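Q: What follows is a structure written as C-alpha cells; I'll ask about it next.
Read the figures in this text as sums done on the coordinates, not as results from a lab. Only a predicted model underlies this, so the values are computations on that prediction, with no experimental measurement involved. Quick reminder, even Gly has a Cβ in these numbers, built from the backbone with ideal geometry, and neighbours come from all protein chains shown.
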Amino acid sequence: MNKLNICVLGDGGWGTTLAILLFQKGFKVSLWGAFPDYLSYLDKKRTNTKFLPGINIPKGIKIIPSLNQAIFDKQLIILAIPSQHLRKILKKIKQLDYPKEAIYLSVIKGIEIGSLKRMSEIIHEELGNIRLGVLSGPTIAHEVARGIPTTVVIASYRENIRENLQEIFMTGRFRVYTSNDVVGVELGGSLKNIIAIACGISDGLGFGANTKAALLSRGLVEISRLGYAMGANIRTFSGLSGLGDLVTTCISPYSRNRFVGEQIGKGKSLKQIINSMQTPACRQTGLPAGQAGIAEGIPTAKSAYTLSLRYKVDMPITKEVFFVLYRNKSPEKAVKDLMARKKKEE
C-alpha cells in the first residue's frame, strides 16, 4: 500500500494539505499546479505562502510543472482544482495518455455555472467511466495540516473504491467515513458555502448568535430540500458533508465564504472583495493569511439559485444571497424580506 504513487492536481491550501498528509503516511506524492512560476517558488521555498503559510512542504513531495508528467503512471489522482476551472483541466488531461485504471478522487466543492453539473458529473463527462470517489466534510486546510483531529466522508458508487480510499487516507488525526450517496455528499459540500456567505453578512451587519443559529438551521433545510429533489439521501445532510461542513464554514475565521459575506455586510462591493482576496495573504482586508483566491460560494450561489428554479424548490436564503451578490440588493433589504415572508409552520 505504501508504494502507491499519488498525484495531487491543485496547489491551493487543500491540495497542498492532502499531499502532505499522504506523504506523511509513506506514499510517493507529486503536486501539480496551473502556474509554473508559482510551482518553482514552492519547490524553492517549500512553503505555500499564498494558500498555506507556516506549513512546511516536505522535500520528498515532488512539485511537477508538467501535467503529463504529473499524471503519468499514477494509481491515485486527486483533483483539488477550483470548480469553475475543473472542466478546462480535464480537457487537457483527456488529450494526454492519462491512466484509465487509476482511482480519481474529487475534493472539490462547487457546482459548474451554466451546466449546473456536480464535479463528479463533469469528471465522468470528460474522462468516461473511470474509477471515481469524492471527499467532503468539515475540513479547514490549515487545521488538517497542523494535525488537528478532523473527520471526513468519502463517497463512491463502488464499495471497493470508497473502502480503498478510506484505508489510504485514514490516520490517527484524520478519520474517514464512507457513503454511497455521491449526490448528497457533493451537494452538501457545495451548498453550505452559500449559507456561509449569509452568516458572514450577518456578522458584518453586527447581528448575533440568534441570527446565525437561524441561518444555520434554516439553511440546512434549504440544502436538504434541493438535495432530496435532486436524488440525494436526505439523511446525508445531517452528517459530515452536510451539517458538519455547514457549521465549520459558517463559524471559522478561516472560511473564505464567511469572510466574503462579512465584507458585504460592512458595505464593500463584491468586486472590491474579490480583488482584495487575490492579493498576497489578503493583508488589506484582514482575512487570515492563506485565504487568497476565490470563494466557491460566489459561483455556487448563481448555480444553486438556478437549480432551485429548475426543481421548484423554495430556497429563500439562497435567493437573497444570489440577489445580494448578483443584483446589487442591499443586505439590509435582504434581511427585511426574509423576516417578512409569509407565516408558516416550521
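Q: Excluding residues fewer than 8 places away in the same chain, name every one of the aspartates and glutamates whose C-alpha is closer than 17 Å to that of Lys59.
A: Straight-line reach from Lys59, under 17 Å: Asp11, Asp43.
Q: How do Phe259, Phe174, Phe72 rank when sorted from fewest to most other Cβ atoms within 10 Å of their own Cβ?
A: Phe72, Phe174, Phe259
Q: Additional query: Could you check what % of the DSSP bridge pairs in the chain are antiparallel, to the nearest 5?
A: For the chain, the DSSP antiparallel bridge percentage is about 20.
Q: When only DSSP loop residues count, what trypsin sites (Lys or Arg not before Pro) in region 289-346 have their Cβ near at most 14 other Cβ atoms within 10 Å? Each step should come with its number before you reach the end.
A: On the way: sites: Lys302, Arg310, Lys312, Lys319, Arg327, Lys329, Lys333, Lys336, Arg341, Lys342, Lys343, Lys344; in loops: Lys312, Arg327, Lys329, Arg341, Lys342, Lys343, Lys344.
Answer in residue order: Lys312, Arg327, Arg341, Lys342, Lys343, Lys344.
Q: Give the separation of the Cα centroids, region 28-46 to region 95-122, in Å.
A: 22 Å
Q: Give a quick list of GluC sites (Glu not before Pro) in region 28-135 that DSSP marks as loop, anything other than H, G, I, E or B, with at most 14 other Cβ atoms within 10 Å.
A: Working: sites: Glu101, Glu112, Glu121, Glu125, Glu126; in loops: Glu101, Glu112.
Hits after loop and neighbour filter: Glu101.
Q: Treating only the Cβ atoms of Lys and Arg (+1) and Asp and Glu (-1) as charged, compute the dipole magnitude of region 183-339 about its Cα centre; round to the nearest 20 debye.
A: Here region 183-339 has a charge dipole of around 300 debye.
Q: What list do you get for Arg158, Arg118 if you sort them by fewest beta carbons within 10 Å?
A: Ranked by crowding around the Cβ, least crowded first: Arg158, Arg118.
Q: Under unit Cβ charges (Lys, Arg +1; Asp, Glu -1), what dipole magnitude, rounded to 20 debye, does the chain have relative to its Cα centre?
A: 580 debye
Q: Can you compute the FRET efficiency between Ser40 and Phe72 using 1/(1 + (r/R0)^6), with r the Cβ-Cβ distance and R0 = 22 Å? Round to the nearest 0.05.
A: 0.65
Q: If each DSSP helix of 4+ residues adds -39,500 (n - 2.57) and the sum is divided by the residues in the chain, what number results at 222 nm, nearest 500 deg cm²/dmol?
A: -14500 deg cm²/dmol
Q: Long-range amide H contacts for Ser106: which residues qualify at under 5 Å (H placed 1.01 Å from N, peptide plane, sequence gap of 5 or more or a different chain)?
A: Here the answer is Leu79, Gly133, Val134, Leu135, since their amide H atoms fall under 5 Å of that of Ser106.
Q: Got a sec? Which residues in region 63-79 would a label at Glu101 touch, if it sits 7 Å along Cα→Cβ and we count backbone N under 19 Å?
A: 71-78, by backbone N distance to the label point.
Q: Now for a different question. Could you pull out every whole DSSP H run in the chain that spans at least 24 Å of Cα extent along its own axis and averages 1.0 or higher on the Kyte-Doolittle scale?
A: Flagged H segments are 182-204.
Q: On to the next question. Which one, Val144, Phe174, Asn129, is farthest towards the positive end of the dipole of the chain when Lys and Arg carry +1 and Asp and Glu -1 on their Cβ?
A: Comparing the listed Cα positions along the dipole, Val144 ranks first.
Q: Rounded to the nearest 5, what is the percent of antiparallel bridges among the DSSP beta bridges in region 5-180?
A: 20 percent
Q: Which cross-chain or sequence-distant (5 or more) residues have an amide H under 5 Å from the amide H of Thr178, H modelled 1.01 Å from N in plane?
A: Residues meeting the criterion, in which the H sits 1.01 Å from N, are Ile154.
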